[in-house]
Amino acid sequence: MEVAVYKAYAKKKAGGFLHFDIIVPQETAFTAVLAFGSEFLLGRLQEDQSVTRKDCRFCYTTEIIPRWEMKIAQQGYYIHESQGCH
């Protein structure tokens with residue numbers, strides 16, 4: 001299965017930035033990708049913050065890997081946390 005990888009950024013209210021990838025089935029609508037990113041931020045930062053078009057960009061497609069597969073099957077997406085998330 002091919003998946004699409006989107007790069008997303010969000011500014012923390014306390015300062016600094018989060019950088020994360022939103023990984024979804026290739027056919028997923030961009031509006032859904034933005035909603036998934038916003039859902040992640042709500043859970044991660046406990047802040048009501050949205051991921052917008054200017055904060056999220058399609059990057060590439062790739063073959064799915066096992067650690068993404070179960071999460072995508074359960075919730076429709078996988079978040080790979082990068083800079084500022086740990």
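The values are calculated or read from the model by the stated rules, or taken from the named source; none is laboratory data. Please read these numbers as outputs of a predicted model, since none were measured by experiment. Cβ sites come from the backbone with ideal geometry, for glycine too, and all protein chains shown count toward neighbours. Accessible surface is based on the protein model in full, side chains and every heavy atom, while ligands, DNA and RNA are left aside. Shrake-Rupley method; radii C 1.70, N 1.55, O 1.52, S 1.80 Å.
Nonpolar atom fraction for the chain, defined as the carbon and sulfur part of the 1.4 Å probe accessible area, stands at 53 percent. As I understand it, the value is the acute angle between the Cα axis of helix 66-75 and the longest principal axis of the Cα atoms of the chain; what does it come to in degrees, rounded to 10? Relative to the chain, helix 66-75 is tipped by roughly 70 degrees. Remark on K12: its backbone amide H falls under 5 Å from those of F17, L18, a criterion applied only to residues 5 or more positions apart or on other chains, H modelled at 1.01 Å from N.
Accessible surface for the chain, divided over its residues, is 60 Å² per residue with a 1.4 Å probe.
Applying a threshold of 21 Å to the alpha-carbon distances of K12/K71; K11/K54; K11/K71 flags K12/K71; K11/K71 as lying beyond it.
The angle between the Cα long axis of helix 30-45 and the main principal axis of the chain comes to about 50°, on a 0 to 90 degree scale. Amide H contacts for Q49 (H built 1.01 Å from N in the peptide plane; partners 5 or more residues away or on another chain; cut-off under 5 Å): L42. Shown in residue order for the stretch 4-12 are the 3J(HN,Hα) couplings computed by the Karplus curve 6.51 cos²θ - 1.76 cosθ + 1.60 at θ = phi - 60°: 9, 10, 10, 8, 9, 9, 8, 8, 7 Hz (x for Gly and Pro).
Rounded to the nearest 20 debye, the dipole magnitude of the chain is 380 debye, with +1 charges on Lys and Arg beta carbons, -1 on Asp and Glu beta carbons, and the Cα centre as origin.
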